[in-house]
There are 2 protein chains.
Amino acid sequence: MKVLVIGLGLIGGSMAIDLRSTRKDVVLLGYDANEQHLDAALSLGLIDQKAGLQDAASVDVVIVAIPVNVSLKVIPSVLDIVKDDTLVFDVGSTKANICKLISEHPNRRNFLAAHPIAGTEYSGPQAAIRGLYKGKTNIVCEVEKTAFKVQELAMDIFNDLGMRIRYMEPKAHDRHIAYVSHLSHISSFMLGKTVIDKERNERDIFDMAGSGFESTVRLAKSSPAMWSPIFEQNKDNVIETLEEYIVNLQRFKQLMESNDFEAIYREMEDTNRIKEILEGITIKSS
Amino acid sequence: MKVLVIGLGLIGGSMAIDLRSTRKDVVLLGYDANEQHLDAALSLGLIDQKAGLQDAASVDVVIVAIPVNVSLKVIPSVLDIVKDDTLVFDVGSTKANICKLISEHPNRRNFLAAHPIAGTEYSGPQAAIRGLYKGKTNIVCEVEKTAFKVQELAMDIFNDLGMRIRYMEPKAHDRHIAYVSHLSHISSFMLGKTVIDKERNERDIFDMAGSGFESTVRLAKSSPAMWSPIFEQNKDNVIETLEEYIVNLQRFKQLMESNDFEAIYREMEDTNRIKEILEGITIKSS
């Protein structure tokens, strides 16, 4: 099986690692717009050889693991040149735009829209790790628009990676993921910013930070090149979640200002329910 | 050495575990207002025997590890009855109120105000763990108001626990800790609330949550009984941090509304500096 991985960062690179270990016959071609990343991917052994986008014409599988704005350009041109049974799938965090864009493409049936809910806060080929996808959820959109044989190949690969599949409509995906992923990134980035701004005047502040702070701002390490286009493509949904979040924070502040610490206690007690919800996530992903 | 631990939750319980393993001669007495916690602490072997607050009169060390509002009542009455050389220290997340309250107490010199920056999101005696304090920062306030011999005993104990000491003025402590600890808890609680509220109508939403969301809302599991009094005692500082955080979120939203994704990119890039800061924390605590 010949696979072209377009984008050799954390996501594409980790997929290459697991494809190599689960598929003995795999030949991994790689392309990255960043020449240094491409070199690193080759020297790290993530891929067997460097390739170009035009190699999409001769492979069995194309994995598109690049920022979602670049995907909008790359996926249609890849679909233009693929063979009859080639599977092309993406892994982006927004699904409505890409599904709409290629809905009338003559090779729409070669494409599968996917979003593996997996990652770390690190990026680049050096961040690629074994087993990243094991036990994780992979959201697949508009599966019915993909050819049977291509669907089947995709499911075999996702199965090899150890993922569980959930089928969703693209717009519902984008609305829901805004809450459980995109908003977390903003809350984390802005928390980091608030403390960094303060630190400019108060040098010792980070010396006082513990593991709780570390956990809460972890996502503020994420790549702007990946996240800025996600926010752009999911603008309306993200703004909605952000508004609700700000309202909740303002309400909390008002409760403090009016010394209603009983109400604050109850707010926190109600939200403690997140324990059971997170236990569910941990059980799923372990 | 006879030690009375008042409050046998995560913090007091973990301290008892490490005191037992580092001090062979230690006898651990315990008290908790929650009778079930006291029973659990005994059966888990955290303490050697149950005690009452009046036992503060006959021990060498009193550790006060209870919610900061209760501390304001307990610490003065403990100081009323302690022996000449007894060390009394607290571990609370706010320092200005307690330092002010006991500033004129005849036994002020027996007290040391401390804040070990250590913990997990869990609570109660079952949450107590070995080595919680190893490599962590312990902030000590107004050390000069504590008697030499009592200071020395405290430093011996903190050293046994593996903590590094930082000296700070109580008001500066409260102002700084609002940024790197108290605000993180609110951002996390309100993020959890925002998503839970949404979930009431959208049942599948948590099925899509990954490790990033988990990390960001981890602190929303924290105990309201511990945190509500902290917010109350550090009200002015916390409100200030919350205002700055809300302003940053609103600005981010406005940048999105005006489609200025280049500015959003730069905001995130600037905040990525948190990586180096967090590496500092990780190196310290490992």
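Readers should treat all values here as calculations from the given coordinates under stated rules, not as data from a laboratory. Please read all numbers here as calculations on a predicted model, not as lab measurements. A quick note on method: Cβ atoms are made from the backbone with ideal geometry, for glycine too, and the neighbour counts reach across all protein chains shown.
Each other copy places its own label point for residue A:197 at 2.3 nm from this one, sorted shortest first, where the point lies 7 Å along the Cα-to-beta carbon line.
Springs join every pair of Cα atoms under 10 Å in this Gaussian network model of chain B, and among B:171, B:193, B:136 the largest mean-square fluctuation is at B:193. Sketch the reach of a paramagnetic label on residue A:134 as a point 7 Å from Cα along Cα-to-Cβ, and name the residues of segment A:40-67 whose backbone nitrogen lies under 14 Å away. Within reach of a label on residue A:134, which here means backbone N under 14 Å from a point 7 Å along Cα→Cβ, segment A:40-67 contributes nothing.
Separation of segment A:195-223 and segment B:129-182, taken as the distance between their Cα centroids, equals 20 angstrom. Applying Stokes-Einstein at 20 °C and 1.002 mPa s to the Kirkwood radius of segment A:173-285, computed over alpha-carbon pairs, gives a translational diffusion coefficient of 131 µm² s⁻¹. The H on the amide N of residue B:5, modeled in the peptide plane, is under 5 Å from the matching H of B:29, B:30, B:31, B:63, each at least 5 residues off or on a different chain. Sorted from shortest to longest, the distances between the residue B:70 label points of this copy and the other copies are 5.5 nm, with each point 7 Å from Cα along the line through the beta carbon. The aspartates and glutamates within cross-link reach of residue A:50, meaning a Cα-to-Cα straight distance under 13 Å and a gap of 8 or more places when in the same chain, are A:32, A:35, A:39.
Only helices enter this figure: runs of n ≥ 4 DSSP H residues, each worth -39500 (n - 2.57), summed and divided by the residues of chain B, yield -15500 deg cm²/dmol at 222 nm to the nearest 500. The three principal axes of the C-alpha atoms in segment A:92-240 carry coordinate ranges of 60, 34, 23 Å, sorted with the longest axis first.
Shown here is the pair-distance distribution of segment B:1-47: with all Cα-Cα distances grouped in 10 Å bins from zero up to the longest one, the shares run 31, 60, 10 percent.
Across the copies of the chain, residue A:85 has label points (7 Å from Cα along Cα→Cβ) spaced 8.6 nm apart, shortest distance listed first. Basic side chains Lys and Arg get +1 at the Cβ, acidic Asp and Glu get -1 at the Cβ, and with that the dipole of segment B:1-104 about its Cα centre reaches some 200 debye. Under the convention that each Lys and Arg Cβ holds +1 and each Asp and Glu Cβ holds -1, the size of the dipole of the protein assembly as shown around its Cα centre is about 740 debye.
In a reduced charge model with +1 at each Lys and Arg Cβ and -1 at each Asp and Glu Cβ, segment B:193-256 shows a dipole moment near 100 debye about its Cα centre. Build a GNM of chain B with springs between Cα atoms under 10 Å apart, and of B:102, B:196, B:11 the one that fluctuates most is B:196. Computed over chain A with a Gaussian network model linking Cα atoms closer than 10 Å, the most mobile of A:143, A:64, A:247 is A:247. Just so you know, the Rg over Rh for chain B is 1.02, from Cα atoms, with Rh as the Kirkwood radius.
Could you state, as a whole-number percent, how many of the C-alpha pairs of segment B:2-170 are farther apart than 22 Å? Roughly 35 percent, once rounded to a whole number. For residue A:83, the aspartates and glutamates whose Cα falls under 17 Å of its own Cα, not counting residues fewer than eight places away in the same chain, are A:55, A:60, A:152. Segment A:121-186 gives an Rg/Rh value of 1.02, both radii derived from C-alpha positions and Rh following Kirkwood.
For the protein assembly as shown, the alpha-carbon radius of gyration amounts to 1.10 times the rule-of-thumb value 2.2 N^0.38 Å expected for a compact globular protein.
Our summary gives segment A:2-169 a relative contact order of 25 percent, counting only alpha carbon pairs under 8 angstrom and 6 or more residues apart. Taking amide H positions as modeled 1.01 Å from N, with prolines and chain starts lacking one, the residues under 5 Å from residue A:139 and 5 or more places away or on another chain are A:115, A:117, A:166. Take the Cα of residue A:243, step 7 Å along the line toward its Cβ, and report every residue of segment B:235-278 whose backbone nitrogen sits under 17 Å from that point. Flagged as within label range: B:249-259.
What pairs in A:221/B:73; B:253/B:275; A:134/A:221; B:134/B:193 have C-alpha atoms more than 31 Å from each other? Violating the 31 Å limit, Cα to Cα: A:221/B:73; B:134/B:193. Tell me whether segment B:38-124 comes out rounded, prolate or oblate; compute the Cα gyration tensor, take square roots of the eigenvalues as a ≥ b ≥ c, and use a/c under 1.5 as the rounded threshold. Note, shape of segment B:38-124 comes out oblate.
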